[in-house]
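Student: Once you've had a glance at the structure underneath, I'll fire off some questions.
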Amino acid sequence: MRLNLHPPHPTALIAEDEPLLAAALRAELACLWPELKVLASVGDGHSAVAQALALQPDALFFDIRMPGLSGLEAAAALADAWDTTTPGAKPFPALVFVTAYDQYAVQAFEAQAVDYLLKPVQPERLMKTIQKLQQSLASKRSAATDFEATLTQLRSLLALPASPPNPAAARLQHIQASVGSAIHLVPVAEVVYLEAADKYVRVLTASREHLIRTPLKELLPQLDPAHFWQIHRGTAVNNCYIELASRDEQGRLSLSLRGRPERLAVSRLFAHQFKAM
């Protein structure tokens, strides 16, 4: 008996923090794709991840700018948590990002062949997205192939700075961290890893920890990518201090570091950096 991998009534999740825009998108989808069932609408990145894991829709419409996690960060967190090992596991959803006009972001999406919609969503453009989604859901490619392609796309998008890079900008040599009225100059070469923590970024050396307010996404483009590897959406490690990369029974990768007792988890998105030569 031949199994139908995709039900006749595909499903979707909308993540949009502006209720009127979410309602408008839902109404347009109902008009242009009546077979599509929108399972839920949520207004922040963390809820988007939780609901996507619980409902396992066929398609996701993620706003780029949301409270908690951005659309890209939510997609990355979802990809890291998605079950790909259980036999018969649901394929990872098709992704569509919704964004206000930003030429730099649009160029990034187009370069990675990621579908996107500009606000306010126009019916003609939405129809093209619907046709692409329908083709994707009817595709004969394996779930593993689609998932690897999605990981590659997300990896490239997450690595992009928030704005076009400045070729003339010099690499950062010291990180300035304030402690009370004093400012510590932390040599970049001594930084073991960086970790986002609420509104701060933790700067950890072998002997100390500092807090800075510069977001990790703004800091990383100023560092040498040959040495600082992103291993999670909120963590970057200085590869000079990596001692060992090992996998547990579930295949999850983690790092042991010189000078630090903790182990760092490596996201699926960035596990490709650790392969035997």
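Student: Going by C-beta contacts inside 10 Å, put S139, S181, S41 in order with the fewest on the left.
Tutor: Lowest count first: S181, S139, S41.
Student: Taking the chain as the reference, fit the longest principal axis to its C-alpha atoms, fit the long axis of helix 45-55 to the helix C-alpha atoms, and give the angle between the two in degrees, 0 to 90, nearest 10.
Tutor: For helix 45-55, the angle is close to 50 degrees.
Student: Residues in the stretch 234-253, backbone N under 13 Å from the label point at D224 (7 Å along the Cα-to-beta-carbon vector): list them, ranges by number please.
Tutor: Answer for this model: 238-241.
Student: As I understand it, the value is the acute angle between the Cα axis of helix 71-81 and the longest principal axis of the Cα atoms of the chain; what does it come to in degrees, rounded to 10?
Tutor: Rounded to the nearest ten degrees, it is 90.
Student: Okay, moving on. Stretched out fully, how many nm does the piece from R65 to A24 gain, at 0.36 nm a residue minus the Cα gap?
Tutor: 13.0 nm
Student: Using a Förster distance of 30 Å, how high is the FRET efficiency between A206 and E249, based on the Cβ-Cβ distance and rounded to 0.05?
Tutor: Working: r = 30 Å, r/R0 = 1.00.
According to the calculation, E is roughly 0.50.
Student: By count of other Cβ within 10 Å, fewest leading, how are C240, C31 ordered?
Tutor: Numbers: C240 13, C31 10.
Taking fewest neighbouring Cβ atoms as first place, the list is C31, C240.
Student: Another question, if that's okay. Counting other Cβ atoms within 10 Å, which chymotrypsin sites (Phe, Trp or Tyr not before Pro) in the stretch 1-109 have at most 12 and lie in a DSSP loop? Don't skip to the answer; put the middle values down first.
Tutor: Numbers: sites: F61, F62, W82, F97, Y101, Y104, F109; in loops: W82, Y101.
Counting only loop positions with at most 12 other Cβ atoms within 10 Å, the chymotrypsin sites (Phe, Trp or Tyr not before Pro) in the stretch 1-109 are Y101.
Student: For every other residue with a beta carbon closer than 13 angstrom to the beta carbon of A100, add +1 if it is Lys or Arg and -1 if Asp or Glu, then tell me the sum.
Tutor: Details: positive: R65, K119; negative: E16, D17, E18, D63, D102.
So the surrounding residues net to -3.
Student: Rounded to the nearest 20 Debye, what is the dipole magnitude of the chain about its Cα centre when Lys and Arg each give +1 and Asp and Glu each give -1 at the C-beta?
Tutor: Details: 26 positive and 27 negative charges, 92 e Å.
It comes to approximately 440 debye.
Student: Sticking with this one: Of the DSSP beta bridges with both residues in the chain, give the percent that are antiparallel, rounding to the nearest 5. Before the final figure, lay out the partial values.
Tutor: Values: 31 of 49 bridges.
Counting DSSP beta bridges with both partners in the chain, the antiparallel share is about 65 percent.
Student: L137 to L55: extension gain in nm, 0.36 nm per residue of separation minus the Cα-Cα distance? Don't skip to the end; give the middle numbers.
Tutor: Details: separation 82, 0.36 × 82 = 29.52 nm, distance 1.68 nm.
Extra length available between L137 and L55 comes to 27.8 nm.
Student: Compute the label zone of C240 within the stretch 180-219: residues whose backbone N is under 13 Å from the point 7 Å along Cα-to-Cβ.
Tutor: Answer for this model: 187-193, 205-206.
Student: If each residue's Cβ is checked for other Cβ atoms within 10 Å, how do H227, H272 rank with the fewest at the top? Walk me through the numbers on the way to the answer.
Tutor: On the way: H227 16, H272 12.
Listing H227, H272 from fewest to most nearby Cβ atoms yields H272, H227.
Student: Just subtract the alpha-carbon distance of R213 and H9 from 0.36 nm times their residue separation and send over the number in nm, one decimal. All intermediate terms of the calculation are to be shown ahead of the outcome.
Tutor: Working: separation 204, 0.36 × 204 = 73.44 nm, distance 4.63 nm.
Fully extending the segment from R213 to H9 adds 68.8 nm.
Only the coordinates and a few stated rules stand behind these numbers; no lab work does. Treat the numbers as computed from the prediction; the structure is a model and nothing was measured. Quick reminder, even Gly has a Cβ in these numbers, built from the backbone with ideal geometry, and neighbours come from all protein chains shown.
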